[in-house]
1. Can you tell me the length gained on complete extension of the stretch Leu57 to Asp100, counting 0.36 nm per residue apart and subtracting the Cα distance?
2. Subtracting the Cα-Cα distance from 0.36 nm times the residue separation, let me have the gained length for Glu146 to Glu82 in nm, one decimal.
3. Between Leu140 and residues 5 or more places away or on another chain, which pairs have amide H atoms under 5 Å apart, with H built 1.01 Å from N, and which residues are they?
4. Each label point is 7 Å from the Cα along the Cα-to-Cβ direction; what then is the distance between the points at Arg34 and Ala161, in nm?
5. Which GluC sites (Glu not before Pro) in segment 103-171 sit in a loop by DSSP (not H, G, I, E or B) and have at most 13 other Cβ atoms within 10 Å of their own Cβ?
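Laboratory data are not the source of any read-out in this text; all were calculated from the coordinates shown. What you are looking at is a predicted structure, and each value in this text was computed from that prediction instead of being measured. So basically every Cβ, Gly included, is an ideal-geometry build from the backbone, and we count neighbours across all protein chains shown.
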Amino acid sequence: MSAPTPRLLVAGVGNIFLADDAFGPEVIRALDSRPLPPGVRVKDFGIRGLDLAYELLDGYRTAVLVDAAPRGHRPGTLSLVEPDLPEATAAAPPEAHGMDPARVLALAAHLGDGPLPRVLLLACEPLVRPTGDEDVLAGLSAPVREAVERAVTALHTMVPALLADPAATPPLGRPEESPDPCPAGLPPGAADGTQDR
């Protein structure tokens, strides 16, 4: 008897050589010792945006992307965001060695015949972000390193709820992981085109 087809994808995204951008891959690695339930595919996509775009077309009902994303909160803050899915006509050319989740979703919408799965982003506010001048910035900052285990715990809460009801939006487990207001009075997500749901 073959294993059931996974219904939910948990995808780590980010560059392990660029400081806090490695948050997504580090969460996936931490899940090795605390596996999620059956029906879930857990994979580190790193910076392979094209691979993730094709994976999103593989029949999942829900996908949770785990990534570092500056949203105007305290470093290490976790946020759960549901980005608006792009129209199929909004596809951007793929980057062979880049991972911009918005471009990945646009490409997946362009490549697929049917609708994309529901996509949620489990985002961590970074402290150290590359400026473009560095070749390698190894290691997570302290607040983002501490957020890795909280993200694993949050996934263990969220994933069973999403498997039971793909339309559910479970809250994160701790109040300090809820979104704070952005600076300058901007609504959460205004800077990166996403909104909290």
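1. Working: separation 43, 0.36 × 43 = 15.48 nm, distance 1.72 nm.
Result: 13.8 nm gained on full extension.
2. On the way: separation 64, 0.36 × 64 = 23.04 nm, distance 2.35 nm.
Length gained, Glu146 through Glu82: 20.7 nm.
3. Hits under the 5 Å cutoff: none.
4. For Arg34 paired with Ala161, the spin-label model returns 1.6 nm.
5. Values: sites: Glu134, Glu146, Glu149; in loops: Glu134.
For GluC sites (Glu not before Pro) across segment 103-171 that sit outside H, G, I, E and B with at most 13 neighbouring Cβ atoms in 10 Å, the list reads Glu134.
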